[in-house]
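The values are calculated or read from the model by the stated rules, or taken from the named source; none is laboratory data. Computed from a predicted model, the values in this text were never measured in an experiment. FYI the Cβ positions are ideal-geometry reconstructions off the backbone, even for glycines, and counts take in every protein chain you see. Heads up: the accessible areas ignore ligands, DNA and RNA and are worked out on the full protein's heavy atoms, side chains in. Shrake-Rupley method; radii C 1.70, N 1.55, O 1.52, S 1.80 Å.
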Amino acid sequence: MKRRIVKDLAFLSQVCTKVESKDRTQISTKLLMAMRPRIGWALAIAANQIGVQKRAFIVNEGKCFKYYINPELIETIGDPVEHEEGCLSLPEEHHTPMRYPEIRVTDEINGEQTLTGLMAAVWQHEVDYLNGILINGG
């Protein structure tokens, strides 16, 4: 079953709340069910894009999925550059927001790590969603 992607900008503009330990499995399952039918063209989905106002997202890394639960930015490295992006919640729009080319991040699943290039941009895009920031400035 393909989970519907939320396109309500008022809903998506709300800041998401922390995922509690007891809710991790349920949220991770919902994210996976939303991502599976979009394999091949979607890179990531934030929990609020499927109607769950919690700080979590999933990334399709090609051969596997990576979950981020309660992600936090530790450090930005380098000068931000324009990055062309599209979005499942804003399917008709493409934008070029400024993204840092390298970031240090942490979350409750993966711990601390450094992300670069496309994965750094994807992480920033999804965390913007969790913070109520849309690529169209909404």
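Overview of results
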{"read-out": "Criterion: of a type in the set (S, T, N, Q), modelled with pLDDT of 95 or more, more than 22 Å from Val15 (Cα to Cα) and surrounded by 13 or more Cβ atoms within 10 Å (Cβ to Cβ) - qualifying residue of Gln113, Gln124", "value": "Gln113"}
{"read-out": "Residue within the range 86-103 that is in contact with a Leu (Cβ under 8 Å, 6 or more places away or on another chain) and of a type in the set (D, E, K, R) present", "value": "yes"}
{"read-out": "Residue match in the range 13-22 (condition: more than 13 Å from the chain's Cα centre (by Cα), open to solvent by less than 80 Å² (accessible area, probe 1.4 Å) and of a type outside the set (S, T, N, Q))", "value": "yes"}
{"read-out": "Options Ile69, Ile27, Ile45; residue that is modelled with pLDDT of 95 or more, of a type in the set (A, V, I, L, M), farther than 14 Å from Val127 by Cα and surrounded by 20 or more Cβ atoms within 10 Å (Cβ to Cβ)", "value": "Ile27"}
